[in-house]
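Q: My questions all concern the structure below.
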Amino acid sequence: MAIKKNIVDDIDKKSKLVNKNKKETGKRKNNKEKEKNKDKELYSTKEVVAVMIFSIGLGFLMCFGCVSLITGKNYLSVTKDLKKVVDTYYAIVDNYYGELDKDTLVDGAVEGMISSVGDTFTSYSDTDSAISFNETITGSYEGIGCSVANLSDNNSIVVVEVFEDSPSYKAGLRVGGVITKVDGESYEGKSSTDISNYVKNSGKSKVVLTVVRDGEEKDITVNLSKVEIPYVNSKIIEKDDKKIGYIGISLFSSNSYKQFKNKLEELEKEKISGLVIDVRDNSGGYLTSVTDICNLFLEKGKVIYQLEDSNGKVKKKDTTKEKRDYKIVVLINKGSASASEILASSIKESYGGDVVGTNSFGKGTVQQTKKLLDGSMIKYTTQKWLTPNGNFINEVGVTPTKEVEIDDSYLDDPKMENDNQLWEAVNLIVK
């Protein structure tokens, strides 16, 4: 397309020259009229059209050529490969006797292609699901900063979590409050999802929640703003006159590293003797996030994990000067997957820490995402990862150094005092 522009520019320059010559020859004698006409016809109409057509065609070929060189794909041949799909689509659209939703047809075609890969973690998400996924993995969204759920006994909608420093927290919303109305409309008999969808799609800058708590009903006005999801929490556990740091990570989002580092520095100011990192039921997240967290602990040059594809293996090593030397125990269970398993295996094999709990999920592959033109998204597997020692844990999981099943008492009443896996981790640090 750049060549087309240059040629057109040249034609413009020639046109200016013709006009200049025309003025000059008008002042000359009639016996020079033939020379004037010759200058005026420097480019005939047919010649200009021919040059333009040639330019467009050359630009088209150059465009496809550049794309082919950059991507390594020949899109003319790709179009031929997809002719069956295109033919099927138009045969149905042009001839089907009933009503059709074209978007549904296209979604079905993409979903069929994805499912044919035969990989559990290669998937397709429609636009709404892609937006939700993006909010989750980036760790922020536009909203009020709380979580609600339906109670099983009477189906009332109750506030189960209020994010720290969120608009809901600042407005006075607290855990345990039952939401009966939103902007004056009753939500009795509706689901918690209905409230979430209303807040998200109302287009309003604030909402009024009617909340019943401790027998008192009150209206709480909450402003919508950008909310950072708190995926990391921390606390100090004291035992045998020692302070043990605890950090729980529920997801490795794009902001989890920042949250983790802030919490870690706060704990270290309290002079902790060791650290428990809890990734139980953490399904994973960004590879960069878990890499950055591991960099906080390992010595420079230590292997965090290995990546393998058709080109071979690459070892990802700690390149930072930052490190720790106190005892670390990682808590895992069957719900710990992907990035959680990278953290556990890295602390186990390269840091020399302990892993307590039960075998993890066993996801040893790496995915990439691609946003499609309509906002939908595909996720596809590109590599597999290995532990620092070269172990492939796919469908096997990370094996704890100390296997501990969770007690029924914790399942019945999930509080810290009943968490026997946590206390086993604490005991390993203080002994």
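The values are calculated or read from the model by the stated rules, or taken from the named source; none is laboratory data. Keep in mind the model is a prediction, meaning the values are calculated, not measured. In this analysis, Cβ positions are derived from the backbone assuming ideal geometry, glycine residues included, and neighbour counts consider all displayed protein chains. Ligands, DNA and RNA are excluded from the accessible area calculation, which covers all protein heavy atoms including side chains. Shrake-Rupley method; radii C 1.70, N 1.55, O 1.52, S 1.80 Å.
Q: Taking the stretch 234-282, which residues are surrounded by 15 or more Cβ atoms within 10 Å (Cβ to Cβ) and of a type in the set (A, V, I, L, M)?
A: Ile237, Ile244, Ile247, Ile249, Leu251, Leu264, Leu267, Ile272, Leu275, Val276, Ile277, Val279
Q: Which of the residues belonging to the stretch 309-327 are of a type in the set (Asp, Glu) and within 19 Å of Leu343 (Cβ to Cβ)?
A: Asp318, Glu322, Asp325
Q: Quick check: is even one residue across the stretch 400-414 in contact with a Phe, Trp or Tyr (Cβ under 6 Å, 6 or more places away or on another chain), of a type outside the set (Lys, Arg) and in contact (Cβ under 8 Å) with a residue 12 or more places away in the chain? Quick ask: steps written out before the conclusion?
A: Within the stretch 400-414, the subset in contact with a Phe, Trp or Tyr (Cβ under 6 Å, 6 or more places away or on another chain) is none.
The answer is no; no qualifying residue exists.
Q: Next question. Give the residues of the stretch 84-132 that are among the aromatic types (Phe, Trp, Tyr), surrounded by 12 or more Cβ atoms within 10 Å (Cβ to Cβ) and more than 15 Å from Asp374 (Cα to Cα), sorted by residue number. So that I can check it myself, show each step before the final result.
A: Initially, the stretch 84-132 is screened for residues among the aromatic types (Phe, Trp, Tyr), giving 89-90, 96-97, 121, 124.
Right, trim to surrounded by 12 or more Cβ atoms within 10 Å (Cβ to Cβ) and you get 89, 121, 124.
Hits for the stretch 84-132 are Tyr89, Phe121.
Q: Of everything in the stretch 288-300, what is out of contact with any strand residue (DSSP E or B) (no Cβ under 6 Å at 6 or more places or on another chain), more than 14 Å from Ser345 (Cα to Cα) and not acidic (Asp, Glu)? Give them in sequence order.
A: Result: Thr288, Leu296, Lys300.
Q: So, one more: Output the residues belonging to the stretch 188-210 that are open to solvent by 80 Å² or more (accessible area, probe 1.4 Å) and either within 17 Å of Val158 (Cβ to Cβ) or in contact with a Leu (Cβ under 8 Å, 6 or more places away or on another chain) (or both).
A: Listed by number, the residues that qualify are Glu188, Lys204, Ser205, Lys206.
Q: In the stretch 387-405, is there at least one residue being over 29 Å from Lys302 (Cβ atoms), out of contact with any strand residue (DSSP E or B) (no Cβ under 7 Å at 6 or more places or on another chain) and open to solvent by 50 Å² or more (accessible area, probe 1.4 Å)?
A: In the first step, residues of the stretch 387-405 are kept if they are over 29 Å from Lys302 (Cβ atoms); the result is 405.
Narrowing the set further to residues that are out of contact with any strand residue (DSSP E or B) (no Cβ under 7 Å at 6 or more places or on another chain) leaves 405.
Subset that is open to solvent by 50 Å² or more (accessible area, probe 1.4 Å): 405.
Yes.
Q: Can you name every one of the strands (runs of 3 or more DSSP E) wholly within the stretch 307-380 that holds 3 or more residues which are surrounded by fewer than 14 Cβ atoms within 10 Å (Cβ to Cβ)? Give the derivation first.
A: Working: elements: 312-317, 327-332, 354-357, 365-371.
Of the strands (runs of 3 or more DSSP E) lying wholly inside the stretch 307-380, those with at least 3 residues that are surrounded by fewer than 14 Cβ atoms within 10 Å (Cβ to Cβ) span 312-317, 365-371.
Q: Can you pull out every residue in the stretch 214-233 that is over 22 Å from the mean Cα position of the chain (by Cα) and crowded, with 17+ Cβ neighbours inside 10 Å? Even if it seems obvious, please write down each step before you answer.
A: Taking the stretch 214-233 as the starting set, the residues that turn out to be over 22 Å from the mean Cα position of the chain (by Cα) are 214-224.
The answer is Ile220, Val222, Leu224.
Q: Taking Leu428 and the conditions (1) in contact with a helix residue (DSSP H, G or I) (Cβ under 8 Å, 6 or more places away or on another chain); (2) among the hydrophobic types (A, V, I, L, M, F, W, C); (3) within 24 Å of Lys302 (Cα to Cα), which numbered condition does it fall short on, given that it satisfies the others?
A: (1)
Q: Among the residues that make up the stretch 135-143, is at least one of them within 17 Å of Ser225 (Cα to Cα), loosely packed, with under 15 Cβ neighbours inside 10 Å and of a type in the set (D, E, K, R)?
A: Within the stretch 135-143, one or more residues are within 17 Å of Ser225 (Cα to Cα), loosely packed, with under 15 Cβ neighbours inside 10 Å and of a type in the set (D, E, K, R).
Q: Taking the conditions exactly as written (polar (S, T, N, Q) and open to solvent by 10 Å² or more (accessible area, probe 1.4 Å)), does Ser289 satisfy them or not? Write out each step before concluding.
A: Values: polar (S, T, N, Q): yes; open to solvent by 10 Å² or more (accessible area, probe 1.4 Å): no.
No, not satisfied.
Q: Hey, does the stretch 163-177 have a residue that's surrounded by 13 or more Cβ atoms within 10 Å (Cβ to Cβ) and either more than 30 Å from Ser253 (Cα to Cα) or in contact with a helix residue (DSSP H, G or I) (Cβ under 8 Å, 6 or more places away or on another chain) (or both)?
A: yes
Q: Here's something else I'd like to know. Can you pull out the residues in the stretch 146-162 that are among the hydrophobic types (A, V, I, L, M, F, W, C) and buried (at least 16 other Cβ atoms within 10 Å of the Cβ)?
A: From the stretch 146-162, those among the hydrophobic types (A, V, I, L, M, F, W, C) are 146, 148-149, 151, 157-160, 162; that's our starting set.
Scanning the stretch 146-162 gives Cys146, Val148, Ile157, Val158, Val159, Val162.
Q: To continue, here is another question. Could you please let me know if Glu217 is part of a strand (DSSP E or B), without any contact (Cβ under 8 Å) to a residue 12 or more places away in the chain and of a type outside the set (A, V, I, L, M, F, W, C)? Full working, then the answer.
A: Working: part of a strand (DSSP E or B): yes; without any contact (Cβ under 8 Å) to a residue 12 or more places away in the chain: no; of a type outside the set (A, V, I, L, M, F, W, C): yes.
So Glu217 fails the test.
Q: Just checking, which of Gln383, Gln367 is closer than 16 Å to Phe121 by Cβ, touching a Leu at 6+ places or on another chain (Cβ under 6 Å) and not acidic (Asp, Glu)? It would help to see each step written out before you state the result.
A: On the way: Gln367 fails: touching a Leu at 6+ places or on another chain (Cβ under 6 Å).
That would be Gln383, the only listed residue that is closer than 16 Å to Phe121 by Cβ, touching a Leu at 6+ places or on another chain (Cβ under 6 Å) and not acidic (Asp, Glu).
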